[in-house]
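The structure under discussion appears below in the form of C-alpha cells.
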Amino acid sequence: MLRFALAFLVSGLGLSVAAPVVAQELSLPPVEQAEGFDAEEGISVTVTADAWQDLGIAIPAFATNEDVSTPANANGTGALGQELARVVFNDLRNNGLFRPVGPDALPRPTYPQITAPAYATWRGRSAEMLVHGYVRANADGRLTVGCYLYDVILQDELVREGWVVQPAEWRRAAHKCADLIYSRLSGESPFFDSRIAYIAETGPKDNRTKRLAIMDSDGANHRFITNGQSTALTPRYSPDYSKIAYLSYQDGNPRIYVYDVDSGRQTLVTQSSNPTFAPRWSPDGRYILYSMAVAGNTDIYRVPATGGTPLRLTDSPGIDVGGSYSPDGSKIVFESDRSGTQQVYIMDADGRNARRITFFSGRAGTPEWSPRGDQIAFTHIVGDFHIAVMNTDGRNMRTLTNGWQDEAPTWAPNGRIIQFFRTERGSGETSIWQVDLTGENERRLQTPVGASDPAWGPVLP
C-alpha cells in the first residue's frame, strides 16, 4: 500500500521531500490545496465537457535528483522517470477527455525546475497545463514520487501530491498522479489506480479454456488466478477490493467461490447441480446475488458472502437473471423475460415491487448500475449486440458501440467509462474494449490472450 509523503520542502538547491511524520499504512487522503493557493481568487480550474478536447497538457519526463539503479528499472531513476511520465500520459490520453503531449516529444526538465517551471518554454509549446514530477531513490530501497500540476497561463501551481512506494508499485504512483490531475481539472472522481478482473480465454471457440485473471486498469501487471482445470466465469470485485467472487464449473456442477486476493485462498459460497449464473456483490460486501434455474424456472437468489442458506428474491414464471445492486443497496436491476421478451426490471432489495423499465425495440440484458447511481448500462440486442446506457427509469437510452457482438458492460469507478467484451464474427475471438459515455472514444485493452467478462473494481486504497 502507498504511503503518503506528508510534507514537501523547497530548498535553494532544488526539491526535497520530507519523510512521513508518522510512518503508518494508510489510504491516501483527499487532495489538499498547495500552499498559497486560494480557489476563491479565480485560479481554480474545472474543465467543462466542451473544453476538454482543447486543453493542452504537457507531461515531460519526471526528473531525478540522482540517476541511480533501482529494482524498478535497472537503467536508473532517470529511465524510470521517463516511464512514469509515459504512464501518466497514456492514462490521460486514453480516456478521451484531454489533449496531452507525452515525454517522448518534450524536453526534460531539470530537478530544480520541478518547483520552478520554465513557463516561457511551455507557453512557446502552446501548453495550457503542465505536469511536473520527480522520482527519487530512498536509502531504505523505496521510491519517492512527486506530482505537480501547473497552470502555464497563470504561472501558478494548482495542486501537488507525493507518495512513497515499493519499487514494484511505481506504476501505482503514476496512476495516482494521473488521478490527481484528472480530478483537479475535471472535478470528477478518479479511476486510473484501479484493477480489472476478467476471464482469460484460450483454445478453439468450441472448447475454450477459461481462467480467472486480474490486471491494472491499463492492462499492466497481468496475473492468472486459476489454472484452467475448471471453467471460470463472471468475476466481480468485492467493494473493499480484497476478494473476487466468480462462478466455477467443476465436473459439470456450478459453484460460486470467493477468492481472497492477498492470501490466494478460496472459499466456497454455494454449490448446486442446477444451472447457476452471474454472482454479484451487495454494496456492503455482506451478500452475493446470483441466478439459479430450478425445474425450468430461473430466479434471483441472495446468499451471505461467507456461505449459508440462499434466499430466493424473485418468484415469477420465466427467466430472471443478472441482478446488480444500486450503489445505496436499496434496489436491484435485473433482466427478465416474464413479459414475453428479454427486458430490464428494477425491484426493491428484498425482491418486492418489481417493475419493467425498458419498452424500446429489441431485447435488453446484463444490466449494470452505475457507481454514480444515475444510469444503467446494458446489452441492447437488435440483431447484433451493442452496449447502451439509460436513465434508471428506462428513459434516454443511448447506444455507445456498434460491434457485431458487444456485451457485459462494467463501469469504471467514477461512472464515466464502460468496459465490455467483444466477440469477433467467425473466429469467435474475444477481447476487452472500453468506451466513454459520449460513445466517441473506443479502444481495445491489450491482454496476453483472449478476454471476456471484465469486472472493473473500485479505486485502490
Original post:
If we keep just the residues of region 295-309 that are buried (at least 19 other Cβ atoms within 10 Å of the Cβ) and either more than 30 Å from the chain's Cα centre (by Cα) or of a type in the set (Lys, Arg) (or both), which is nearest to Ala455 (Cα to Cα)?
Top reply: Arg302
**OP:** Report, ordered by the first and then the second residue, all pairs with beta carbons closer than 9 Å, sequence separation of six or more or different chains, a first member in region 282-294 that is open to solvent by 60 Å² or more (accessible area, probe 1.4 Å), and a second member that is in a loop (DSSP other than H, G, I, E, B) and of a type in the set (A, V, I, L, M).
**Re:** Arg286/Ala305
**OP:** Take Val87 and decide whether it is surrounded by 14 or more Cβ atoms within 10 Å (Cβ to Cβ) and either at pLDDT below 70 or touching a helix residue (DSSP H, G or I) at 6+ places or on another chain (Cβ under 8 Å) (or both).
**Re:** yes
**OP:** Of all residues in region 158-189, count the ones that are part of a strand (DSSP E or B) and open to solvent by less than 20 Å² (accessible area, probe 1.4 Å).
**Re:** 7
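Here's the yes/no breakdown for (1) assigned to a strand (DSSP E or B); (2) at pLDDT 95 or above; (3) among the aromatic types (Phe, Trp, Tyr):
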| position | (1), (2), (3) |
| --- | --- |
| Val333 | yes, yes, no |
| Gly340 | no, no, no |
| Tyr345 | yes, yes, yes |
| Thr379 | yes, yes, no |
Original post:
How many residues does region 71-81 contain that are touching a Pro at 6+ places or on another chain (Cβ under 7 Å) and crowded, with 19+ Cβ neighbours inside 10 Å?
Top reply: 1
**OP:** Please list, ordered by first then second residue, the pairs with beta carbon atoms under 9 Å, 6 or more apart or interchain, first in region 169-183 and farther than 21 Å from Arg99 by Cα, second among the aromatic types (Phe, Trp, Tyr).
**Re:** Glu169/Trp163; Arg172/Trp163; Ala173/Trp163
Original post:
Taking region 411-461 as the search range and keeping residues that are acidic (Asp, Glu) and part of a strand (DSSP E or B), which one is least open to solvent (accessible area, probe 1.4 Å)?
Top reply: Asp436
Subject >> Search result, residues across region 375-393 that are touching a strand residue (DSSP E or B) at 6+ places or on another chain (Cβ under 7 Å) and more than 14 Å from Thr438 (Cα to Cα) >> reply: Ile376, Phe378, Thr379, His380, Ile381, Asp384, Phe385, His386, Asn391, Thr392
Subject >> The one condition in (1) open to solvent by 70 Å² or more (accessible area, probe 1.4 Å); (2) at positive phi; (3) of a type outside the set (S, T, N, Q); (4) within 19 Å of the chain's Cα centre (by Cα) that Asp240 fails to fulfil >> reply: (2)
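The values are calculated or read from the model by the stated rules, or taken from the named source; none is laboratory data. Predicted, not measured: the structure shown is a model, and the values here were computed from it. Every residue, glycine among them, receives a Cβ derived from its backbone with ideal geometry; neighbour counts consider all protein chains shown. When the accessible area is computed, the model is the full protein with side chains, heavy atoms only, and any ligands, DNA or RNA have been set aside. Shrake-Rupley method; radii C 1.70, N 1.55, O 1.52, S 1.80 Å.
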